[in-house]
Amino acid sequence: MTPVATLTAGQLLLFLLQVSLLLTLALCLGRLAARLGLPAVVGELLVGVLLGPSLLGHTFPQVSAWLLPRDPAQFHLLDAFAQVGVLLLVGLTGMQMDLGLVRRRKAAAAYVSLAGLIIPLGLGVAIGFLLPASLRGPAAQPVVFALFLGVAMCVSAIPVIAKTLIDMNLLHRNIGQLTLTAGIIDDIFGWLMLSVVSAMATQGARAGHAVLSLLYLVITVAIAVLLGRRLAGGPLGWAARSGEPGAGLAAVVAIILLTATATHAMGLEPVFGAFVAGMVLRASGKVPPSAESVLRVIVLWVLAPIFFATAGLRMDLTALADPRVLGAALIVLAVAIAGKFIGAYVGARASRLTHWEALALGAGMNGRGVIEVIVAMVGLRIGVLNTAAYTIIILVAVVTSLMAPPLLRWAFAHIERSAEEGLREMEARARMSAQPRA
């Protein structure tokens with residue numbers, strides 16, 4: 001048997017240069033964005049814009065061709081590294097889902113999340129049928145493309161919402177908590193829909209494949225609910241008994257990646273498996289705090305910035321010079337913003353919240369950020385989106401993330417603070433002050 005060829009010295013050198021350069025610039029621009037009051041993901045995506053076809057490839061094509069050659073094997077190295085990062089990021093997001101919060105605020109959250117899903121989903125599907133065929137990827141049937149765009153329009157982004165509310169000291173407010181709860185429901189539905197639509201794209205849009213995908217999806221959820229804690233408890237228990245400080249972290253990472261592998265093998269999206277694994281790990285109650293803390297540091301400060309910088313490499317803002325693409329981008333952006341705002345507003349008013357409370361919910365739920373980037377990357381990878389459509393979806397992620405903080409600040413300025421919120425804030429500060437200092 002002929003041994004598999006190893007990486008050449010040149011391939012390894014270029015890969016290490018790419019990773020180190022992307023990480024360094026992503027951290028610098030991410031911190032700069034944070035200092036300006038913007039989500040760090042905006043700065044991290046900007047790295048890809050600067051080094052990708054939008055700027056470097058357009059102004060210095062020879063330098064771009066050397067740093068980011070079009071050789072698939074070379075680019076796939078970076079892709080694989082980024083994919084591990086996004087799976088662990090989604091798993092970590094699943095570990096932050098507080099399903100108890102969903103149960104406590106289920107009535108109002110149901111109204112807001114349902115309207116916040118149906119209206120943008122319907123508008124996104126309608127726009128998907130109206131957009132020119134030139135925006136569809138090579139594997140996209142009209143129905144699949146329209147459904148995928150509907151999913152992209154209806155998702156929210158729990159990491160962005162939570163970080164924004166924390167940074168603005170609004171998480172203790174009733175509307176802040178309700179925004180997070182409704183966003184959790186939206187995220188869960190988004191991962192479900194993304195898996196079904198992805199399966200339709202890769203296996204065909206025939207009814208039989210769609211039914212099979214739904215069946216696999218139900219099986220996955222059933223196993224997670226009925227057996228998840230037991231299955232996760234075995235490796236976590238072994239890690240605890242081993243006494244090794246890194247065993248818990250290794251078990252958590254293995255569970256997330258193995259679950260992602262399992263859903264991918266069933267034709268579902270691997271990020272869905274990672275998300276389910278994260279929720280199962282949280283429900284098990286056996287994840288060592290030190291393991292979760294170390295995973296958070298590695299993911300948020302190393303792997304996630306590289307993923308978002310890599311995502312930006314595929315953006316080509318020069319495509320917006322085409323009037324048809326620019327027109328489509330403005331339409332999709334307007335539909336994305338209006339659909340989420342109207343949906344959240346209608347749901348909030350139906351649950352008897354005030355006008356300003358409803359506006360605050362719409363502002364918070366409108367931020368797509370991390371989740372929209374992941375959805376766009378999935379669409380490009382499976383061939384539903386081409387580069388122009390991918391650029392449009394990333395544009396939606398960036399613009400809606402930028403809009404959230406000022407709109408939340410404006411809306412909350414008109415909402416009276418209740419005694420319950422003041423008590424909740426005092427309790428949160430007491431918990432923080434009781435924590436041991438490093």
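The values are calculated or read from the model by the stated rules, or taken from the named source; none is laboratory data. Computed from a predicted model, the values in this text were never measured in an experiment. Every residue, glycine among them, receives a Cβ derived from its backbone with ideal geometry; neighbour counts consider all protein chains shown. Keep in mind that these areas ignore ligands, DNA and RNA; they rest on the heavy atoms of the full protein, side chains included. Shrake-Rupley method; radii C 1.70, N 1.55, O 1.52, S 1.80 Å.
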Could you please tell me which pairs satisfy a Cβ distance under 8 Å, a separation of 6+ or placement on different chains, a first residue in the stretch 103-117 that is of a type in the set (Gly, Ala, Ser), and a second residue that is open to solvent by less than 20 Å² (accessible area, probe 1.4 Å) and not in a helix (DSSP H, G or I)? Gly116/Ser156
So in the stretch 304-362, with the set limited to residues that are among the hydroxyl-bearing types (Ser, Thr, Tyr) and closer than 17 Å to Ser113 by Cα, which one is nearest to the chain's Cα centre (by Cα)? Tyr345
Among the residues of the stretch 244-270, the number that are hydroxyl-bearing (Ser, Thr, Tyr) and open to solvent by less than 20 Å² (accessible area, probe 1.4 Å) is 1
Filter the stretch 126-137 down to the residues that are surrounded by fewer than 20 Cβ atoms within 10 Å (Cβ to Cβ) and in a helix (DSSP H, G or I) and list them by number. Ala126, Phe129, Leu130, Ala133, Ser134
Just checking, how many residues over the stretch 386-424 are modelled with pLDDT of 85 or more, polar (S, T, N, Q), more than 15 Å from the chain's Cα centre (by Cα) and open to solvent by less than 50 Å² (accessible area, probe 1.4 Å)? 2
May I ask you to list the residues in the stretch 2-20 that are among the hydrophobic types (A, V, I, L, M, F, W, C) and open to solvent by less than 60 Å² (accessible area, probe 1.4 Å)? Leu14, Phe15, Val19
Scan Arg241, Arg296 and give me the residue that is of a type outside the set (A, V, I, L, M, F, W, C), open to solvent by 10 Å² or more (accessible area, probe 1.4 Å), over 25 Å from Val378 (Cα atoms) and in a helix (DSSP H, G or I). Arg241
In the stretch 66-107, which residue that is at pLDDT 90 or above and open to solvent by 60 Å² or more (accessible area, probe 1.4 Å) is farthest from the chain's Cα centre (by Cα)? Trp66
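Conditions (1) among the basic types (Lys, Arg); (2) over 18 Å from Met95 (Cβ atoms); (3) modelled with pLDDT under 95, marked per residue:
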residue: Val197; (1), (2), (3): no, yes, yes
residue: Leu212; (1), (2), (3): no, yes, yes
residue: Tyr216; (1), (2), (3): no, yes, yes
residue: Gly233; (1), (2), (3): no, no, yes
residue: Gly237; (1), (2), (3): no, no, yes
residue: Ser242; (1), (2), (3): no, yes, yes
residue: Pro245; (1), (2), (3): no, yes, yes
residue: Ala251; (1), (2), (3): no, no, no
residue: Ile256; (1), (2), (3): no, no, no
Test for Gly248: is it assigned to a loop (DSSP other than H, G, I, E, B) and either in contact with a helix residue (DSSP H, G or I) (Cβ under 7 Å, 6 or more places away or on another chain) or touching a residue at least 12 places away in the same chain (Cβ under 8 Å) (or both): no
Test of understanding: among Gly243, Gly312, Gly233, Gly267, which residue is touching a helix residue (DSSP H, G or I) at 6+ places or on another chain (Cβ under 7 Å) and on the phi > 0 side of the Ramachandran plot? Gly267
Being within 30 Å of Gly243 (Cα to Cα) and not polar (S, T, N, Q) is true for just one of Val325, Val294, Val346. Which residue is that? Val294
Run Glu44 past the list (1) open to solvent by less than 10 Å² (accessible area, probe 1.4 Å); (2) touching a Pro at 6+ places or on another chain (Cβ under 6 Å) and report the number of the one that doesn't hold. (1)
Any chance Ala207 is at pLDDT below 80 and open to solvent by 20 Å² or more (accessible area, probe 1.4 Å): yes
Could you pull out the residue among Arg368, Arg352 that is basic (Lys, Arg) and in contact (Cβ under 8 Å) with a residue 60 or more places away in the chain? Arg368
Are there any pairs, at least 6 apart or on different chains, whose C-beta atoms fall under 9 Å, with the first in the stretch 215-233 and more than 20 Å from Leu268 (Cα to Cα) and of a type outside the set (Ser, Thr, Tyr) and the second open to solvent by 100 Å² or more (accessible area, probe 1.4 Å) and outside any helix (DSSP H, G or I), and if so, which? Arg229/Lys286; Ala232/Lys286; Gly233/Lys286
Only one residue in Gly343, Gly273, Gly339, Gly347 is over 30 Å from Leu29 (Cα atoms), assigned to a helix (DSSP H, G or I), touching a His at 6+ places or on another chain (Cβ under 9 Å) and open to solvent by less than 10 Å² (accessible area, probe 1.4 Å). Which one? Gly273
Suppose we filter the stretch 53-64 for residues that are open to solvent by less than 60 Å² (accessible area, probe 1.4 Å) and either farther than 10 Å from Gly312 by Cα or at pLDDT 90 or above (or both); how many remain? 3
Scan the stretch 302-309 and tell me whether some residue there is free of Cβ contacts under 8 Å to residues at least 40 places away in the same chain and either surrounded by 17 or more Cβ atoms within 10 Å (Cβ to Cβ) or aromatic (Phe, Trp, Tyr) (or both). no
Is there any pair with a first residue in the stretch 20-44 that is at pLDDT 90 or above and a second that is open to solvent by 50 Å² or more (accessible area, probe 1.4 Å) and assigned to a loop (DSSP other than H, G, I, E, B) whose Cβ atoms are under 9 Å apart and which are 6 or more apart or on different chains, and what are they? Leu32/Leu38
Cβ pairs under 6 Å, 6+ apart, first in the stretch 63-90 and over 10 Å from Phe307 (Cβ atoms) and in a loop (DSSP other than H, G, I, E, B), second open to solvent by 20 Å² or more (accessible area, probe 1.4 Å) and of a type in the set (Gly, Ala, Ser): none
